[in-house]
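The values are calculated or read from the model by the stated rules, or taken from the named source; none is laboratory data. Bear in mind the structure is a predicted one, so any value in this text is a computation, not a measurement. Please note: Cβ atoms are built from the backbone with ideal geometry, for glycine as well, and neighbour counts cover all protein chains shown.
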Amino acid sequence: MTVTARPAASIAGGIARQWVHFLVAAGILASTFVGWNWVIAMLKWVTSKEAVPWPAAVRVDGEFRLETFPTSLGPFALAQDGELDGNLDGKPDGEVILRGDVMESLKIGTVLDKRRLGERKSNWYMARIYRDSRVQSPSDPRRFWRLEISYYTGGLDKVPHVPERCLVAGGAALVRSLSGSVSFDLDGRAPWRGPVPFWRTAYEVTDRSRLNTRQYVQYHTFSLNGQPEDIWEKVRLKLNDPRLRYCYFAKIQFAPIGEAADIGRIDQAAQEFVVNIMPAALSMLPMPEDVDRLGAGGAASQ
C-alpha cells in the first residue's frame, strides 16, 4: 500500500492543460460559417448522455435505495438492533436511510429517476454501517465502518459530493499532509486487480465546548464506466467528454466510525475492509465491457 499526496492545484492545472488544444480547436470550428451542428455531426459528438443500466440482478427499491447488497462480508456484518445506540426498535442500526433534503442535495430520487427506475437506469444509493466481528473493544475506531455507494447515470453531474469539499463546508479542517492517493491491493478482475487508487481524506473536528480537536479519516474511489478513478476532477472531465455517449459513475466511500489518531493503523484496517467489500460493490455496477457493448449498439450484460 502506497501513499502519494497530490496537491489539488497541480491536479487541476494538469487537467486543464490536457484540454487546451481541444478547446482551441472547438472554438475555431464553432466560429466558422460551417456551423456548430455540422461540426458535432462530423465529429460524432453527443450533446446529451445516455444512461447505463445497472446489472439485472441488482434491485433498487421505490426510495432509490440499493436492496441487494450483502449484510455479511467476511468478518464484517451489518450492525444489528441496539449495537450502535443501545435502543431497541426492531430495525438494524446499520441500515442508514436518507430522506428529504439529503436526497434532494444528492440528486437521487428525481422526477427523471422515477421514470427510469423500471428500466434500471435511475440513480440510487446505499448507506450502511458494518461491524468487524474481530474487534471487541467498543472504543476501537476499527470496530464499526460506514460504507456508502451512490450511482449516477445519464447526466452531466458535476461530482460535487466528495469528502474534501463537503467536510470543509461542514466546518471540518483538512489535514492536507495526510490526505492523498492511497493504493489498496485488490484481487478482482481487471481493471480492479492489484493496486487500486482510493483518495484518503484526513480531517480534524474541533469541539470548542471541550477545547479539543480530534482527527478522522475517510476513503473513496469512483467507478467511472467501470474504470477506477480517485480524482473527482477527472471524473467530471470525462463525463463532459463530447465523444462519450453512455456514461455512469459510482462513488464508493467508507470510513471508520471513531477517531483516527494513528493513520497508519487505520490504513491497514482499511485494506482489510476494502478486500472484503469491493467484490460485492463491483457486482452492483456495470463493468467496462458492459458500457462498451452499449456503445457498439448492443445490450448491457444481463
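Which of the residues that make up the stretch 147-189 are among the charged types (D, E, K, R) and within 26 Å of Asn276 (Cβ to Cβ)?
Glu148, Glu164, Asp185, Asp187, Arg189
Within the stretch 146-154, can one find any residue that is part of a loop (DSSP other than H, G, I, E, B), among the basic types (Lys, Arg) and either more than 26 Å from Trp232 (Cα to Cα) or touching a strand residue (DSSP E or B) at 6+ places or on another chain (Cβ under 6 Å) (or both)?
No: zero hits.
Counting just the residues of the stretch 235-273 that are within 13 Å of the chain's Cα centre (by Cα) and in a helix (DSSP H, G or I), which one comes out farthest from Ile129 (Cα to Cα)?
The selected residue is Arg236.
Within the stretch 189-204, can you find the residues that are at pLDDT 95 or above, hydrophobic (A, V, I, L, M, F, W, C) and either more than 22 Å from the chain's Cα centre (by Cα) or farther than 27 Å from Glu259 by Cβ (or both)?
Passing the criteria: only Trp192.
Taking the stretch 259-283 on its own, how many of its residues are over 14 Å from Gly74 (Cα atoms) and of a type outside the set (A, V, I, L, M, F, W, C)?
Number satisfying all stated conditions: 7.
From Glu229, Glu289, grab the single residue that is in contact (Cβ under 8 Å) with a residue 24 or more places away in the chain, within 30 Å of Gly74 (Cα to Cα), loosely packed, with under 15 Cβ neighbours inside 10 Å and not hydrophobic (A, V, I, L, M, F, W, C).
Glu289
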